[in-house]
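What follows is a short report on a single structure.
The values are calculated or read from the model by the stated rules, or taken from the named source; none is laboratory data. As the structure is a computational prediction, the values presented were derived from the model and not from experiment. Cβ coordinates were reconstructed from backbone atoms using ideal geometry, including for glycine residues, and neighbour counts include every protein chain displayed.
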Amino acid sequence: MSELNKIALKIISNGKGILAADESTATMTNRLDSVNIISNEKNRLLFREILFSSSSMKSCIGGVILYDETIRQKSSSGKTIPELINSTGAVTGIKVDTGAKVLAGSNKEKITEGLDGLRERLIDYYNLGARFTKWRGVYKITDRYPSKLSISANAHALARYAALVQEAGMVPIVEPEVLMEGSHSAEDCFNKTSEVIKKCYDELELNKVELKGTILKPNMILSGSSSSEKLSSTEIAEMTLKCLKDNVPSEVPGIAFLSGGQSDIEATSNLNQISLKNDTNFIMTYSYGRALQQSALKFWSKDINNKEGTQEIFDHRAKMCTFASQGKWSENLEK
Ligand code: 13P
């Protein structure tokens, strides 16, 4: 087993999943504004340190994705944040893209940037304790989009990123996110997501990326958030599994879904059905941002000194998601 494959498996085995806490300062500011908390360095660290020192870190969380600001911070105990995360048995990860910018040639779409200087930045992150990374390509669905150009340009960037990350001794999370926003059908989402994922693996192969040392972070197949079509978790699971079986090479060890704006319960219930129906060799788990954090954030904002109460809420969500990744979740467990 290669070293990279070992790291990937450590992050996602035994029902463990990933805590995506890599919101950029701008995104984190939106999240904190929404609960009337001032977004400064101290408060961002305070909330994140509460999560990283919760008990579910040991039992449920295999990896944490950080943002540049956080990987350089120290916890209240004096440990660096990567030391705190590693002490729980989880692996430290880092978002290395520099965000999605307007795509020249199709200026209503986005291209993710951050390849220039990436080789040097990766050495720095490795030395700070990171052993896996994330890069997110983003695609919207309308009658015209995603365009061939955006599918091709983002796949190319994801593959060049993944090759550089492996060269630096870390596991790349490949995240092509087809957004839920819009009035499209689940069938549209299925078709577009299939095309996007297929193109990513064509490029990964061309760039000689060792697939066993990667993790895919895709969206689930859902109808658009403003569509009237409502699918059951079973239907979502069936379409999602078909899309992944058709387009993801079997060498990929695991798939960790993003929550993408689904409610906590939707993200949990859909993952549970995917795990129950999983007839592939891929490990299926979560790499959730909002679906792990939003209830804890809301509670914390009422009293930012209530560490235990906030951890209880976060631990519950992490436990529910870990049950779901093993197909052992049911609505009753939420009570
Ligand atoms: P959500 O689960 O909130 O979609 O965040 C996951 C993520 O890392 C998106 O890039």
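Within segment 292-313, the residues that satisfy the criterion of being out of contact with any Cys (no Cβ under 8 Å at 6 or more places or on another chain) and within 14 Å of the ligand (Cβ to nearest atom) are Q293, Q294, S295, A296, L297. Check segment 113-120 and report whether any residue there is without any contact (Cβ under 8 Å) to a residue 60 or more places away in the chain, within 15 Å of the ligand (Cβ to nearest atom) and closer than 15 Å to V165 by Cβ. Yes, that holds for at least one residue.
Could you check, for segment 40-57, whether at least one of its residues is over 20 Å from K307 (Cα atoms), modelled with pLDDT of 95 or more and in a loop (DSSP other than H, G, I, E, B)? Checked segment 40-57: no residue is over 20 Å from K307 (Cα atoms), modelled with pLDDT of 95 or more and in a loop (DSSP other than H, G, I, E, B).
Condition check ((1) within 19 Å of V91 (Cα to Cα); (2) without any contact (Cβ under 8 Å) to a residue 60 or more places away in the chain; (3) of a type in the set (A, V, I, L, M, F, W, C)) across all residues:
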residue: K140; (1), (2), (3): no, yes, no
residue: L158; (1), (2), (3): no, yes, yes
residue: N191; (1), (2), (3): no, yes, no
residue: I215; (1), (2), (3): yes, no, yes
residue: S223; (1), (2), (3): no, yes, no
residue: L231; (1), (2), (3): no, yes, yes
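For A291, the criteria (1) within 20 Å of the chain's Cα centre (by Cα); (2) surrounded by fewer than 24 Cβ atoms within 10 Å (Cβ to Cβ) hold in every case but one, which is (2). For segment 245-263, the count of residues that are in a helix (DSSP H, G or I), among the aromatic types (F, W, Y) and either modelled with pLDDT of 95 or more or within 18 Å of W329 (Cβ to Cβ) (or both) is zero.
Each residue in segment 295-315 was checked for being assigned to a helix (DSSP H, G or I) and without any contact (Cβ under 8 Å) to a residue 40 or more places away in the chain, and 7 pass. The set of residues in segment 18-56 being within 19 Å of E175 (Cβ to Cβ) and out of contact with any Leu (no Cβ under 8 Å at 6 or more places or on another chain) consists of I18, E23, S24, A26, T27, M28.
Only one entry of F299, F323 meets the criterion of being of a type in the set (F, W, Y), touching a helix residue (DSSP H, G or I) at 6+ places or on another chain (Cβ under 8 Å), more than 28 Å from I7 (Cβ to Cβ) and surrounded by fewer than 20 Cβ atoms within 10 Å (Cβ to Cβ), and that entry is F299. For segment 145-154, the condition of being within 16 Å of the ligand (Cβ to nearest atom) and within 16 Å of the chain's Cα centre (by Cα) holds for none of the residues. Residues in segment 196-224 that are within 16 Å of the ligand (Cβ to nearest atom) and part of a helix (DSSP H, G or I): V196, I197, C200.
Taking the listed residues N14, N30, N36, the one that is surrounded by fewer than 19 Cβ atoms within 10 Å (Cβ to Cβ) and part of a helix (DSSP H, G or I) is N30, with no other qualifying. Considering only residues that are closer than 20 Å to D315 by Cα and of a type outside the set (D, E, K, R), which ones fall in segment 262-283? Scanning segment 262-283 gives Q262, S263, I265, A267, T268, S269, N270, L271, N272. Only residues that are away from the ligand (no atom under 15 Å from the Cβ) and of a type in the set (D, E, K, R) were counted in segment 62-100, giving 5. Taking interchain pairs and intrachain pairs at least six residues apart, which have beta carbon atoms under 7 angstrom, with the first residue in segment 274-291 and closer than 25 Å to I65 by Cα and within 16 Å of the ligand (Cβ to nearest atom) and the second of a type in the set (D, E, K, R) and at pLDDT 95 or above? Going by the 7 Å Cβ cut-off, the qualifying pairs are T285/K16; S287/K217; G289/E23; A291/D264.
Among residues that are within 16 Å of the ligand (Cβ to nearest atom), without any contact (Cβ under 8 Å) to a residue 40 or more places away in the chain and more than 20 Å from N219 (Cα to Cα), S263 is not included. Quick one: is I111 crowded, with 19+ Cβ neighbours inside 10 Å, over 30 Å from S13 (Cα atoms) and at pLDDT 95 or above? It is true that I111 is crowded, with 19+ Cβ neighbours inside 10 Å, over 30 Å from S13 (Cα atoms) and at pLDDT 95 or above. Only one of the numbered conditions (1) surrounded by fewer than 20 Cβ atoms within 10 Å (Cβ to Cβ); (2) over 19 Å from the mean Cα position of the chain (by Cα) is violated by N5, and that is (2).
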